[in-house]
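Peer 1: Take a look at this one; I'll ask things after.
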Amino acid sequence: MIRNQSQINLGGCISPFNPWLIMRGSVTLPLRMERHNENALKLAEYLEALPCVRFVSYPGLASHPAHELAKAQMGPGWVLPCQRRS
């Protein structure tokens, strides 16, 4: 019963094609993440400069209060929340 239920929830095993796709994608992962981080910083800087945006909470910005702490603990990958002025 436990084995059958786990195979329903988790699957038996993946086909050989799926690991091949995962391996192929992992080769370019560092480059994609680097570009992702560069684009997020550019977007945050752009949004911060807009007068219609109230705030941008992005630790990658030097203006963020926890910028140094985030840089030391989290590295370059961050979430970009912002709020539009009403």
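Peer 1: Give the residue that is modelled with the highest pLDDT, with candidates limited to residues of segment 1-55 that are over 30 Å from Ala70 (Cα atoms) and not in a helix (DSSP H, G or I).
Peer 2: The qualifying residue modelled with the highest pLDDT is Pro16.
Peer 1: Return yes when Leu69 is at negative phi, at pLDDT 80 or above and open to solvent by less than 60 Å² (accessible area, probe 1.4 Å) and no when it is not.
Peer 2: When the stated conditions are applied, Leu69 does not pass them.
Peer 1: Show the residue pairs that are 6+ apart or on different chains and have beta-carbon atoms under 6 Å apart, the first residue being within segment 32-61 and more than 22 Å from Ala72 (Cβ to Cβ), the second being open to solvent by less than 90 Å² (accessible area, probe 1.4 Å) and among the polar types (S, T, N, Q).
Peer 2: That search, which allows pairs on different chains as well, returns Arg54/Gln83; Phe55/Gln83.
The values are calculated or read from the model by the stated rules, or taken from the named source; none is laboratory data. Here the structure is a predicted model, which means the values were calculated and not measured. Every residue, glycine as well, gets a Cβ built from its backbone with ideal geometry; the counts of neighbours run over all protein chains shown. Ligands, DNA and RNA are stripped out before the accessible areas are found, and what is left, the full protein with its side chains, is counted by its heavy atoms. Shrake-Rupley method; radii C 1.70, N 1.55, O 1.52, S 1.80 Å.
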